[in-house]
Amino acid sequence: MKRHPGADDVHPQSGGAGGDTTDEDDFANRATIRVGTRWWTRVEESILGAILVLILVIASAGVLSRYVLSAPLPWTEPLARYLLIWLTMLGAAVLVKHRAHIQITFLYDMAPRRVKPWIDLFVVLVQLAVAVYMVVFGAALALSTPATTAVPFVTLSLVYAIVPVAGLLIAAYTVRDGFDAVRAMKTSKGRAS
């Protein structure tokens, strides 16, 4: 029989009194989030892989048409460049997600354990500010640049649209890191007491 915590019970996961979920519900919610996260990771990696393959195919077609057929395709080089912009921006978001960006940790490693969560929080705030900047000014750039390119049906607005998209992804992953930093700060305060 499933038991729901009463008003006098403390829920083991939430730490609060009178929680509305059971451990089974919490486990199911976390499992759903994990499955969704895995699914989204596969989507991101598939998009990045597809863009990389497209760049390879387009660049190869440009080289073959220019040097083998002596009939260069004028759209191959700009399209490969635009796809590289998309690959870079989406790749940056994925690196933020996996916390894999280059870091200089010399001072961080020397900092006392209780200070490290504050440094993490500062980094999160700076990163979030950059992400918001990307969203706001990237959207303004994408909306104000309708110029056509050498590639048929591709405008600069489409090329620049990846900047606010990547900014949104970076902001989402940074907020997650912010929650982790706050949680670490609470944990370090608990150890200090």
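Count neighbours as other Cβ atoms within 10 Å of each site's Cβ, and list the chymotrypsin sites (Phe, Trp or Tyr not before Pro) in the range 88-174 that are DSSP loop with at most 13 such neighbours.
On the way: sites: PHE106, TYR108, TRP118, PHE122, TYR133, PHE137, PHE153, TYR160, TYR173; in loops: PHE153.
Sites meeting the loop and neighbour criteria: PHE153.
How large a share of the accessible area of the range 25-157, in percent, is made up of carbon and sulfur atoms when the probe is 1.4 Å and the other protein chains stay in place? It would help to have the intermediate numbers written out before the result.
Working: 6890 of 9330 Å².
The nonpolar share, carbon plus sulfur, comes to 74 percent.
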query = Between ARG38 and PHE106, 0.36 nm times their residue separation minus their Cα-Cα distance comes to what?
reply = 21.2 nm
task = Mind checking the per residue accessible area of the range 62-193 for me, 1.4 Å probe, whole number of Å²?
result = 66 Å²
remark   = In whole Hz, the Karplus estimates of ³J(HN,Hα) for the range 158-175 (6.51, -1.76, 1.60; θ = phi - 60°; x where Gly or Pro) are 5, 5, 7, 4, 5, 5, x, 5, 4, x, 5, 5, 4, 4, 4, 5, 6, 4
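The values are calculated or read from the model by the stated rules, or taken from the named source; none is laboratory data. Worth saying up front: this structure is predicted, and the values here are computed from it rather than measured. Counting neighbours? That spans all protein chains shown, and the Cβs are built from the backbone with ideal geometry, glycine included. Remember, those area values only see protein heavy atoms, side chains included, never the ligands or the DNA or RNA. Shrake-Rupley method; radii C 1.70, N 1.55, O 1.52, S 1.80 Å.
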